[in-house]
Structure formats: C-alpha cells, structure tokens
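*Asks:* Before we start, here is the structure in question, set down as structure tokens.
The values are calculated or read from the model by the stated rules, or taken from the named source; none is laboratory data. Keep in mind that this is a model prediction, so the values were computed, not measured. Here Cβ is always computed from backbone atoms with ideal geometry, including for glycine, and neighbour counts include all displayed protein chains.
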Amino acid sequence: MRAAILTLSDKGARGERTDASGPALEAFLKERGVATVKMDLIADEAALISATLAAWADGNVADLILTTGGTGVSPRDVTPEATEAILDRVIPGFGEVMRARSLQKTPHAMISRAIAGIRGSALIINLPGSPKGAVENLEAVWPAVPHAVAKIQGDPADCAT
C-alpha cells in the first residue's frame, strides 16, 4: 500500500509553524509497512484542498490519502467540505469510529467533523491536526484500512473470514 499525507495549516503554509502531524503519521505508517510516497502542506483553502486531493486520487499517487488538520469548527476548518466535494462515495463509519474512540479521551471529540470516503481507487481519510490526535484517530480505524483499500481497488475475495 502507498500513502500520501496532506497537512492543512495556514500557519504551516506561511512558515510560522513546523508540522509535526505529517511526520507522526508517516512514522505510524512505516511501522505497518506502508510507504509514504508524497507529503505536502498547504493552507486551509477549500478549493486548493479539493484540487490537491482530486489530483492525487485521479493521478493514482497513492492508495491511501490522509489529511491532517481543518476538521474542527473554526471558520478556517474546511477540510471535510473540501474532501466531500471531490468524493465518489462517503464512508461514514470511519468518522463515527474516530469520534467514538476520541470521546474516551476528550469531550472535544464531539466537535470533530472528520470524514472519509472514496475517489477512484483511493481511500481518503480526514484526521485531526495534532500529532497525537492524528495518530490516535488513524490507529482507531486502522484495522479496517487495508481491507477497505483492497475492496476499493477491486479485490473479489469474500469479506467473511
């Protein structure tokens, strides 16, 4: 499996903050044998986010595309809308599981608007912007990720084990 990580941060894009969530996700993936083939950091601009995600998915850059940042409720948090705008299909269970797991740690989890879905043959998952939150959320859904990617890409095997 190949992964790409897109960090959304106005301050990071302006060089005012160093991104730690992208590298934390890359380390998580590496521990699981997943190569990160592309990483980028852009501003919280819906059109730019949508265009980047669509280009990566349509260009077959990666099987798994992770975003980090922009999933909350501040005026600049537009990642879920930008993602949903380019998805072929939404997979609600990923967001539900991430919020449920995060609620065990913080009541702020209920304001997360992260979504996940499919574009072409890529699985796209929104994650929080903090390194700890991003990794914890990915860890929560990870048991389903390899299977989901295989099915999205046409694996004909039965799902039952």
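*Asks:* Which condition number does R99 fail, the rest of (1) among the charged types (D, E, K, R); (2) part of a strand (DSSP E or B); (3) surrounded by 16 or more Cβ atoms within 10 Å (Cβ to Cβ) being met?
*Replies:* It fails just one condition, (2).
*Asks:* While we're on this one: Among the residues of the stretch 30-77, what is the count of those that are within 18 Å of S130 (Cβ to Cβ) and touching a residue at least 40 places away in the same chain (Cβ under 8 Å)?
*Replies:* Summing the residues that are within 18 Å of S130 (Cβ to Cβ) and touching a residue at least 40 places away in the same chain (Cβ under 8 Å) in the stretch 30-77 gives 9.
*Asks:* Could you tell me whether any residue of the stretch 105-122 is β-branched (V, I, T), outside any helix (DSSP H, G or I), closer than 16 Å to E139 by Cβ and modelled with pLDDT under 95?
*Replies:* The first filter runs over the stretch 105-122 and keeps only residues β-branched (V, I, T), leaving 106, 111, 115, 118.
From what is left, the residues that are outside any helix (DSSP H, G or I) are 106, 115, 118.
Narrowing further to those that are closer than 16 Å to E139 by Cβ: 106.
Then keep just the ones that are modelled with pLDDT under 95; that gives 106.
Yes.
*Asks:* Tell me whether the stretch 130-146 contains one or more residues that are touching an Asp or Glu at 6+ places or on another chain (Cβ under 6 Å) and surrounded by 13 or more Cβ atoms within 10 Å (Cβ to Cβ).
*Replies:* No - not one qualifying residue is present in the stretch 130-146.
*Asks:* Quickly run through the stretch 148-161 and pick out the residues that are out of contact with any His (no Cβ under 9 Å at 6 or more places or on another chain) and farther than 15 Å from I65 by Cα. So that I can check it myself, show each step before the final result.
*Replies:* To start, the set of residues in the stretch 148-161 that are out of contact with any His (no Cβ under 9 Å at 6 or more places or on another chain) comprises 148-154, 156-158, 160-161.
If the condition is that a residue be out of contact with any His (no Cβ under 9 Å at 6 or more places or on another chain) and farther than 15 Å from I65 by Cα, then K151, G154, P156, A157, D158, A160, T161 are the ones that fit.
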